[in-house]
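All remarks here apply to the structure that follows.
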Amino acid sequence: MKRTTWLVGAGLVAVTALNVSLMRGHTSTPTAAAALPALDAQTAAGPGLVEAPSEAVQVSAQIGGRLERVLVDEGDRVRAGQVVATIEGADYAARVASARATLSLREAELRRVINGARQQERAEAAARQEQERRQNLLREAVASRAEAEEADRAARVAQARADAARERFALVTADAREEDRARAESEVALARAALVEAEAQLAKVTVRAPIDGVILRRHRRAGESVSTQFDTPIVTMADASVRRVRVDVDEADVARVAVGQAAYVTADAFGDRRFPGHVVRVGRLLGKKNVHTDQASERVDTKVLETLVQLDDGHELPLGLRVQAFILTSPPRP
C-alpha cells in the first residue's frame, strides 16, 4: 500500500513538472518575438543597383566615316561640348571649298546684272578726263595740237561707244532686268544655303559630349568605321555628379514606401559602411525583379516596385554595383 502511494505521488510530481515546463515554453515564444529588432517593422529592405541620374548615354556620330581619333578613355570625366572623337573629313572640307567658290561666282553674276553698262560709262568718263587734261596742256603750250586732237577723237569714240552700250542695254533689259536680278539673287541665296549645309556637315566630323559626365565604355578606336545606318556608338557615358540606387521593393512593403523617406545602402565591398540618401521616386507599376543575387535559391517570380534612392554622396560606389538598400518607413499605426 505504501509502495503504491509512493508511486502515485511520484507520478503526480512528474506530471506537474512537465506542465510547468510546457507553460514556460509557451510564454517564452512571444518574448523571443518581441526581442526581434524593432527596426524591421519600420524598414523596407531590398536589393539595388547603383546608377547615374542620366542613366547611360550612347554617343554616336551624326555622319558615317572612318574614325580619325578617339580622344577619351574609360573613366575619363568630360564636359558638355568636349570633343570625344573626330572623323576623317577631307571630303567634307572639299565640299565646303566648292560651295564657297560657287557662292562667289553667283555673287559676281548678281553684281554684273546690277551694274549693267557701267563699265562703258567708266570708260567714257576716263576719256573725258584725258581730253580735259590734254586741252589744259595745250593751253599751257606743253602738249602739241596733234595730241590734243587725238584726245578729242578718243573722247568722241568713247562717248559713242557708251551711248551705243546704253541703248543696247536699255533695249535688252528694259522689260526683263527686274526678272534677271531676282533670278540672280535667288541663285546667290541657293549657293549660300549650300555653303551653310556643307559647313554643317563638316562640323559633324567632330563628335562632342552631350552632357557633363564620365566615360563608362569606349566601343570604337581610331581607324574603325562608324555608320548612321547601324547602331555604332563610339562611347557610352553618364552623368556622374551624383549617385542613385534603383531598389527592388517587395510587393509586401509597397504601401509603406514614399518619396522623401530617409534611406541608406550597404555593399559587401565596403563592409559596415552606410551610404545615406533619400527616396526620390516610387514606381506605380509592379514588375519583375531588376537585381538578381545569382543564388540558386532566389525566387525570380517575385513582384517588386522600382524605387529610386538618391545618395547624399557615394561617389566611390562604382556604377553598376549591386547593393542592399534600406528605406526607413514610418512606424505602423497601432
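Quick rundown of the values:
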{"quantity": "Using θ = phi - 60° and Karplus 6.51 cos²θ - 1.76 cosθ + 1.60, couplings along the stretch 57-65 (whole Hz; Gly, Pro as x)", "calculated": "10, 8, 9, 10, 7, 8, 9, x, x"}
{"quantity": "Cβ-based exposure ranking for 190, 321, in which fewest neighbours within 10 Å come first", "calculated": "190, 321"}
{"quantity": "Sequence-distant residues sharing a close amide H with residue 243 (under 5 Å, placed H)", "calculated": "311"}
{"quantity": "Pairwise label distance in nanometres, residue 183 with residue 80, each label 7 Å out on the Cα-Cβ vector", "calculated": "4.9"}
{"quantity": "Residue order, fewest to most beta carbons within 10 Å, for 270, 326", "calculated": "270, 326"}
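Here, each number is a calculation from the coordinates, and none is a lab measurement. Please read all numbers here as calculations on a predicted model, not as lab measurements. Every residue, glycine among them, receives a Cβ derived from its backbone with ideal geometry; neighbour counts consider all protein chains shown.
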